[in-house]
Structure formats: C-alpha cells, structure tokens
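Asks: This is the structure, below, for whatever I ask next.
The values are calculated or read from the model by the stated rules, or taken from the named source; none is laboratory data. This is a predicted model, so every value here is computed, not measured. Positions of Cβ are generated from backbone atoms using ideal geometry, with glycine treated the same way; all protein chains shown enter the neighbour counts. Remember, those area values only see protein heavy atoms, side chains included, never the ligands or the DNA or RNA. Shrake-Rupley method; radii C 1.70, N 1.55, O 1.52, S 1.80 Å.
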Amino acid sequence: MCCSGFFVYLVAVKRQPIKRTPVLIALGVIVLIGLIQWRHFAFLDSLERITYDLRVRQALEYAPPAATNLGFVFIDDASIAFVRTNRTLGYRFGLYWPRQVYGRLVEELAAQGARAVALDIILGELRPDPMVRMADDRLLESDDFFALQMRHAGNVILAVPPDLTPPPLFLTNALALGDIATHKDYPDGVLRRAQAFRVYRKWHSAFRQVEADPEFGVDLRQARLEPRQVVLPRPGGDDIKVPLDQEGNFDLADFAGDKLPPGVARKAKPFTEERLWHMGIVLAAQELALDLAKAEVDLQRGRITLRGARGMERVIPVDAEGCFCIDWSLPPNHPRLTQEAIQELLLQDRLRLDGRTNELKNLWNGKLVVVGSSATGNDLTDRGATPLRADTLLVSQHWNVANSVITGRFIHQPPLAVELALIALLGAVTALLTWKLRVLIASGLVALLVVAYVVFAFVLYVQTRCWLPLVLPVAGALLMTHVCLVTWRVVFEQAERRRVKSIFSRIVSPKIVNELLAAETLSLGGARRETTVFFADVRGFTEFTDASQERVAERVRKQHLTGAAAEACFDEQAKETLDTVNLYLGVIADTVIRQDGTLDKFIGDCVMAFWGAPTPNPKHAVACVRAAIEAQQAVYQLNRQRSEENRKREFENLVRVAAGSPPLPLLPILLLGSGINTGMATVGLMGSAVEMQNYTVFGREVNLASRLESASGRGRIFIGQTTYEQLLRDDPALAATCVELPPRDLKGFRAAVKAYEVPWRSPGTPPLEEEFPITAGTDTTSVTGFIQRGGG
C-alpha cells in the first residue's frame, strides 16, 4: 500500500511535462510557420504562386462578371502578309509599317464610333516614311498623317514602355498615355501582377527641342539632376549643364538667348513628374469617367482610390510597390471579347474612302479597343507565360485590367495579420485533433481538414477573387503540426506509457524500465557488478503506528462505535498512517532519483536503492553517500516544517479544548537511519519469467548494507570499509569528514565489521531528539497535560 501510494505521487509529478509538451510543440510549429509567412521565403512564395495559377485556371470554368464592350484588334502573321502583298488597300508595305497604317486604323475605328483605342505599339521616334496623299492631293508625312488622325479621333491612348517616350508630335495629339511595362514574377517569369502607375518625367519643351536636335546628341533618359543643375550627357562630347536657381527653375534664356519673345516667363521647371497609369486603367477610366489626376494613393494601407462623375468610385488593392494581381477572366478567345484582324479594318477604311458604304459593317461602336500583336516569329511577338498558360498574348493584360476596374472585381489578399491568425487557428485545431484522438482517426480528420481548406480556398477565389494562402497553412499549420505531434506521441508518449505501466506492474525506477526496454535480452541470471547499496529506514514508524492504533481504539471505546462507524475510524487512521510514511519515503525516493540512483524497492518503512547498475557510474560510492546526506538533510527540513506546524497546533488546541472541541492531532516527527556498503553483487531480474519480475541487487555486500542500517540508530549514516576506501579515492574531502567507529558484531557476520559514520550536520548542533521533542508516540491530546504543567 505504501509503495503504491508513493508511485501514484511519482507518476503524477512525471506526467506534468507530458501535458505541456504537445502544447509547446504545436506552439513552436505555429510560431515557426508564422515567421516563415512573415519573412516570405522565395521558394515557398513560388509554390504559393503555383497554387494561385491553379485557381486562376479553375476560375475560367465559371462565368465571372465581365464587361461587354471590350475588344481586341490583332496583328497576326496573316495581317503582315496581307499588307505586304494585297493591292486592294491601295498601298503595300513590309515590316516595319509606316505610321499611316495605324493612322488609317484609328480613322476607321473612329468612324465606327469606338469609345477609346489603346495602341499597344511602340512609337519611339519619327521616321521618314512614304508620304500620304490626301483627298485634296496634298502630301503629308506619314507621322503627320497619324498624328492628324489621332487628333480627329480624340480617343487614342498611346503606349509608353519603361525606356522610351513617344515623340512630342504623337504625345500632343493623343488622348492619354498608358504604361505597358510588364512585371513578371521571379524566378518563373510568369506575368501575374501589374503596376497601377509609375512616375515619369515630362520634360519642358526647351529640353525636348535640344533632344530632337541631332547636333547635340542628347538623350533625356540619361539626364541627371544634381544640386543646382541639370546635366545632359553627350556621347563623345562635353556634358551640357543647365543651371538651376534655389527654387529648381532654369532660365529659358539659356536656350533661346536673345530670341526669347517679350512677355514670356523666363523661369520654368525643367520637368514635371507625373503618374503614368497602366494602359488597362486608362482604358477603363474612359468608360467610367474616372479622374486619374485626382487619384488617392495610399500605399501604406494598400489601396488606390479612383473617383469619377456621379459618385463613381473604384478601390484597387495594391502592395507597397503599387502592384496588384491581374484577374485573368478574359483570355484572348473569350466569347465576350470582340475581336477582329487589323486588315479587316484597313479594308473597311478603303471601302469608306471609296464611298462604298453599303458594304461596311460596324463591330466597334462604343467599344474599348486594344490594338496589339499576336504574330509570331518576328519583332511584333508579344507572348509570354501567365497563370492561364505558358504561351499567352501578353497584350491581354490590358483588357483584363480594364475589365477589373469596370466591374469593380479585384483580387484581394488578406492582410498579414489575418494570414497569421489563420495559420494559428488551423494549427490549434490540428493540434487538438491530434492530441485528443487516436492517431489513425486524427490523421483521417486532418486529411479531411486539408481537403476542406483547399476546396474552400478554391471556391473562395472563384466566387470572390480572395487569394487565401495554401502552402504554409496546409503544409505547415496542418501537416507539419500533425506530423510533429504524431511523431512525439509515437516516439515519446508511447514510451512514457510503457514506462508508467512498468512502474505500476513492477514497482521499479524509470531508469530500470528504460534499460529493460532497451535491452530485451536481459536474463534472470543477471551479472556481477560492483555497486554501492543504500538502505534508509524511517525510525519511529512502528511506535507511531502503535500509538495511532491505540488512540483510535480508545476513541472507538469511548464513543461506543461499532460496525461501519468503527471501521471508518480505523480506515481514517490507516490513511493518515499511509500518508505520513509516503511523505517520508517520497522525500528519500526523490533524493535517490535526483542523484541518479536506482530505486530498488520499498520494504515496509525502508527504502532500498543502489548505484552502479543498470547504468555504469565510476563514482557510485560518492554518489550514494551524497544521496544519503541529502536524504538526511531533506528529512531534517521536513521535520522542522512539521515541528513548526505542531507548535501552531498546540496553541490552536488551547482554544479548541476551551471551546469543548476535540484537539487537532500533532504531526509525528520521524527520523532516518541509513546504511551504505560497496562491493560485488548480483544484479538482474528476479521473479517469474512470465509474470512478476523485479530488477534488483543481492549478495553478501547487500546484506552488510542492511545490517549497517539497522545499527545506525536515529539520524545517522553508517558506511562500510570498502565504501570509505572509495571515498578516499574519489572524494578525499568527503572522506576526511567521516568518523571511524569501533568494530562491531553484526547479525550474519562471523567477524566484527569495521564501519564509519558520515556526519551530515554542523558540529555543535544539539541532538535531533532535543531539537524535535514531540516524538512519534506522544499523545495528540497532550494539550491537557500542557495546561496542567502550567504552559497556559
């Protein structure tokens, strides 16, 4: 009974880390995944983008809201061949086409009533192309003809790439400019995002004139803004330096000299910085009458707000760089996208000029038109990878961006805080399932949770264009948490359960169980090893038990208790006795375990332990003696606490007796006798090979340790000659404190045994019997005697 009670206490203590460990594992995984999500590692981002591409392609299976007035005029290989060979148009040109071709396209689209025409065509400089004969027989430069048609149409949006700006002739006649830069993700080169705008410099006309003059050879893209001057680099010549005043203005006289007309302001800014909006946004702005010049840009909050007439408003979700994900809802073959080859419109223009209006058709009234290339194998190629497929017309980004702005449907990514909260929630749910349920059931439920989350993420994107992260929540919060906890359960928890079962079935120490589990071939025969054996007996326990039983018997007699009531009194006394001895035995056992000893068994009120097996310890004698000293000191501290409690109870009992209440029993004060011996002994499993086994040590040297304990009396530690010799070798300072005892006869030994006492208290301290005057046999009602002796 006493051993079982102690092990209940031991297992309760040992199981506390088990309850905390899964929480710490789950918390550690969640924190790790959260840090990874926060830091955005490139490899994981690439995996996440792959899942995004799958969602984009899946969304094409459904019919999302789409504008019905978007169109694509394409230039393909057939268009190039037609313009080069067909005589119907009245002209034939090979690559590169004169600008009059685009002028005639703009003319025809304007005639058909197109709302806006976005030309995704690079127009970097003026060219000396063939002249254009007008209806009145005038001849115009091809570039002038194109500019004239743009001015008449009033709806042309010119493309501006990052490293090129159209000539002023085109800029001044176009309706607006549109950025056509592409922002492909690294390292897969897939176009998933677009930048809402970029800032570019719009130079003063004086600087543009310098750039246009070949004599100077200036490229304004290479210009540098330095303190108090603008530097225009010239290849092969001295740089041109234009001074600036304190306000950053230059003097026009530096360019025009004395030719500056009177009344003209002499000071001006060399350039202004303006936002160049994405061509798709510019296209949509024409449809919704959005005022891009008054856009509210808040990159910190991740939003750009565009407003127009009649309360029209569009909020574009962007990142810190002003980029947003393109909603690829309208691939080039989409049925809602009006499409026509450029040569068809050029033929229409020819028919219109010839007056053959009855043969005309009109596809483009009120349309927002994107003009771009779908040709292959030449400089007009504009294809690349998008989430839709590896080979996609990149010009399609323009009408997809325009469609998002028109329909107000954008791709949203949750804030980082939401992503971290999602990871924490999934990790917590997974941890709960894994910890509370059996492994197979938990694995099945976690797999279902993974499928449910993936399906939810796909459906959410299809329905709302919300891009929930998949890789880290699934691979990290769900799978990694589950795998870590399952691994812990399999590797550690199952071993811990086996250990606990072994403790209850064999009543041995955890270290013995670990060796038994690791060494399945241990035999009952055991092995001879040098060990140091420790016996510690609780002195006064027998007197305490007898006194307790007498008090209970006296109480039963006085109160005339019989039957169940009497049994209850005796059971209560047995419980108190067991609690007391378990308290003292627990202190000793804890000390043994702390000092890496092997807790062998409990023999009534005695503890048996040994060092040197099952795990080797070259200083087992020193470890054992130090454990004995620590055990005595621990019991001493326990007795001091109980003695202090007894003093409090004595004063409290004065009040209770005066009030007619029964006094509280005083706590028994028990001491410890210890015996230690070192020598060769047999170590191994003892008992039935099928049923009960106990890992123990036995032999002559073990018996000697038991006899030394019997002779040690109260509060003393006796050690054998061999133990003392090993102390001399391994811890001379400790050996020097030992006191040699006269040889004595011990039961079972023919010759007198030489022994030593190990002091554990400071010299000059009073004997333990004087320090703890309340002995185990003192009657708990001694308050009456205390009063009679004049203590009150």
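Asks: Which FRET efficiency value, to the nearest 0.05, is calculated for Arg133 and Ala63 with the Förster distance at 51 angstrom and r the Cβ-Cβ distance?
Replies: Working: r = 49 Å, r/R0 = 0.96.
After rounding to 0.05, the efficiency reads 0.55.
Asks: Ignoring ligands, DNA and RNA, what accessible area per residue does the chain give at 1.4 Å, in Å²? Mind showing how you got there, number by number?
Replies: Values: 38720 Å² over 792 residues.
In whole numbers, the chain has 49 Å² accessible per residue.
Asks: When the Cα atoms of region 200-317 are enclosed in a convex hull and the volume is divided per residue, what value in Å³ results? Provide the component values of the computation, followed by the final result.
Replies: Working: hull volume 21.7 nm³, N = 118.
Each residue corresponds to 184 Å³ of Cα convex hull volume.
Asks: Next question, about the same structure. State the percent of C-alpha pairs, over all pairs in region 583-734, separated by a distance greater than 23 angstrom. Kindly include the intermediate steps, with their values, before the conclusion.
Replies: On the way: 5252 of 11476 pairs.
Above the 23 Å cut-off, region 583-734 has 46 percent of its Cα pairs.
Asks: Going through the cross-link list Lys575/Lys747; Lys619/Lys747; Lys575/Lys648; Lys184/Lys361; Lys184/Lys241; Lys202/Lys367, which pairs have a Cα-Cα distance over 32 Å in this structure? The partial results should precede the final answer.
Replies: Details: Lys575/Lys747 34 Å; Lys619/Lys747 29 Å; Lys575/Lys648 23 Å; Lys184/Lys361 39 Å; Lys184/Lys241 37 Å; Lys202/Lys367 30 Å.
Over 32 Å apart, Cα to Cα: Lys575/Lys747; Lys184/Lys361; Lys184/Lys241.
Asks: Could you give the length gained on full extension between Asp596 and Arg656, defined as 0.36 nm per residue of separation minus the Cα-Cα distance, in nm? Please list the in-between numbers first.
Replies: Details: separation 60, 0.36 × 60 = 21.60 nm, distance 4.67 nm.
Answer, rounded to one decimal: 16.9 nm.
Asks: Any chance you could list P(r) for region 333-435, counting all Cα-Cα pairs in 5 angstrom bins from zero, rounded to whole %?
Replies: Binned Cα distances yield the sequence 2, 8, 11, 14, 12, 10, 10, 8, 6, 5, 4, 3, 2, 2, 1, 1, 0.
Asks: Quick one: pull the percent of accessible area on region 104-168 belonging to carbon and sulfur, 1.4 Å probe, ligands and nucleic acids left out. All intermediate terms of the calculation are to be shown ahead of the outcome.
Replies: Values: 1420 of 2710 Å².
Solvent-exposed carbon and sulfur of region 104-168 make up 52 percent of the total.
Asks: Now for a separate question. Any chance you could give the angle, 0 to 90 degrees and rounded to 10, that helix 700-711 forms with the longest Cα principal axis of the chain?
Replies: 70
Asks: Provide the FRET efficiency to the nearest 0.05 for the Arg92-Ala206 pair, computing r from the beta carbons and using R0 = 35 Å.
Replies: On the way: r = 41 Å, r/R0 = 1.17.
My answer for the efficiency is 0.30.
Asks: Also, I was wondering about something else. Could you work out the longest stretch of the chain that avoids the GluC sites (Glu not before Pro) located in DSSP loops with at most 16 other Cβ atoms within 10 Å?
Replies: Values: sites that count: Glu61, Glu125, Glu215, Glu247, Glu321, Glu520, Glu691.
Longest run free of exposed loop sites: 322-519.
Asks: Please give, to one decimal in nm, the separation of the simple spin-label points placed at Ala574 and Asn358, each 7 Å out from Cα toward the Cβ.
Replies: Result: 12.2 nm between the two label points.
Asks: For region 522-661, with all protein chains present and a 1.4 Å probe, just round the carbon and sulfur fraction of the accessible area to a whole percent. Don't jump to the answer; show the numbers that get you there.
Replies: Details: 3500 of 6660 Å².
Answer for region 522-661: carbon and sulfur cover 53 percent of the accessible area.
Asks: Find the percent of Cα-Cα distances in region 593-639 that exceed 15 Å, and round it to a whole number.
Replies: Cα-Cα pairs in region 593-639 separated by more than 15 Å: 47 percent.
Asks: Starting from the Cα of Glu543, move 7 Å in the Cα-to-Cβ direction to define the label point; list residues of region 739-772 whose amide nitrogen is under 12 Å from there.
Replies: Residues 769-770, 772 qualify, since their backbone N sits under 12 Å from the label point.
Asks: What percent do you get for the relative contact order of the chain when only Cα pairs under 8 Å and 6+ apart count? Before the final figure, lay out the partial values.
Replies: Details: 1264 pairs, mean separation 105.7, N = 792.
Answer for the chain is 13 percent.
Asks: So, one more: Please work out how much length the chain gains when fully extended from Leu140 to Ala553, using 0.36 nm per residue of separation minus the C-alpha to C-alpha distance, in nm with one decimal.
Replies: Values: separation 413, 0.36 × 413 = 148.68 nm, distance 13.16 nm.
Using 0.36 nm per residue and subtracting the Cα-Cα distance, I get 135.5 nm.
Asks: Ok, one more. Tell me, in nm to one decimal, what length is gained between Asp745 and Arg228 on full extension, where the rule is 0.36 nm per residue of separation less the Cα-Cα distance?
Replies: Working: separation 517, 0.36 × 517 = 186.12 nm, distance 11.02 nm.
Once the chain is fully extended between Asp745 and Arg228, it gains 175.1 nm.
Asks: If you fit an axis through the alpha-carbon atoms of helix 396-407 and take the longest principal axis of the Cα set of the chain, what angle between them do you get, 0 to 90°, nearest 10?
Replies: With both axes taken from Cα atoms, the answer is about 80 degrees.
Asks: Moving to a separate point now. Translational diffusion coefficient of the chain at 37 °C, 0.692 mPa s, Stokes-Einstein with Kirkwood Rh over Cα pairs, in µm²/s as a whole number.
Replies: Working: Rh = 36.4 Å.
Stokes-Einstein gives a translational diffusion coefficient of 90 µm²/s.
Asks: For the residue pair His412 and Leu47, what label-to-label distance in nm results when each label sits 7 Å from Cα along the Cα-to-beta-carbon direction?
Replies: My value for the distance between the label points is 2.7 nm.
Asks: With all protein chains present, how much of the accessible area of region 298-398 (probe radius 1.4 Å) comes from carbon and sulfur, to the nearest whole percent?
Replies: Values: 1980 of 4570 Å².
The nonpolar share, carbon plus sulfur, comes to 43 percent.
Asks: Counting helices only, and only those DSSP H runs with n ≥ 4, report the 222 nm mean residue ellipticity of the chain as the sum of -39,500 (n - 2.57) divided by its residues, in deg cm²/dmol to the nearest 500.
Replies: Details: 25 runs with 343 residues, N = 792.
After summing the helix terms and dividing by the residues of the chain, the value is -14000 deg cm²/dmol.
Asks: While we're looking at this one, here's another question. Rounded, prolate or oblate: which fits region 520-606 when a ≥ b ≥ c are the square roots of the eigenvalues of the alpha-carbon gyration tensor, with rounded for a/c under 1.5 and prolate only if a/b beats b/c? Don't skip to the end; give the middle numbers.
Replies: Values: a/c = 3.59, a/b = 2.68, b/c = 1.34.
Because a/c hits 1.5 or more and a/b exceeds b/c, region 520-606 counts as prolate.
Asks: Tell me the angle of helix 494-506 to the major Cα principal axis of the chain, expressed in degrees between 0 and 90 and rounded to the nearest ten.
Replies: Relative to the chain, helix 494-506 is tipped by roughly 10 degrees.
Asks: Here is a further query. Of the trypsin sites (Lys or Arg not before Pro) in region 128-237, which ones lie in a loop per DSSP and count no more than 13 other C-beta atoms within 10 Å? Could you put the intermediate results ahead of the total?
Replies: Numbers: sites: Arg133, Arg138, Arg151, Lys184, Arg192, Arg193, Arg198, Arg201, Lys202, Arg208, Arg221, Arg224, Arg228; in loops: Arg138, Arg228.
Listed in order of number, the matching sites are Arg138, Arg228.
Asks: Any number yet on Rg/Rh for region 389-459, C-alpha, Kirkwood?
Replies: Numbers: Rg = 19.1 Å, Rh = 15.6 Å.
Result: Rg/Rh = 1.22.
Asks: Using a ≥ b ≥ c from the Cα gyration tensor of region 662-771 (square roots of the eigenvalues), is it rounded, prolate or oblate, where a/c under 1.5 gives rounded and otherwise the larger of a/b and b/c decides, a/b for prolate? Each step should come with its number before you reach the end.
Replies: Values: a/c = 2.03, a/b = 1.17, b/c = 1.73.
Oblate.
Asks: Can you classify region 132-243 as rounded, prolate or oblate using the Cα gyration tensor, where a ≥ b ≥ c are the square roots of its eigenvalues, rounded means a/c under 1.5, and otherwise it's prolate if a/b beats b/c and oblate if not?
Replies: Details: a/c = 2.30, a/b = 1.11, b/c = 2.07.
Oblate, since a/c reaches 1.5 and b/c is not below a/b.
Asks: Under 5 Å between amide H atoms, partner at least 5 residues away or on a different chain: which partners does Lys601 have, H built in plane at 1.01 Å?
Replies: So Lys601 has HN proximity to Met608.
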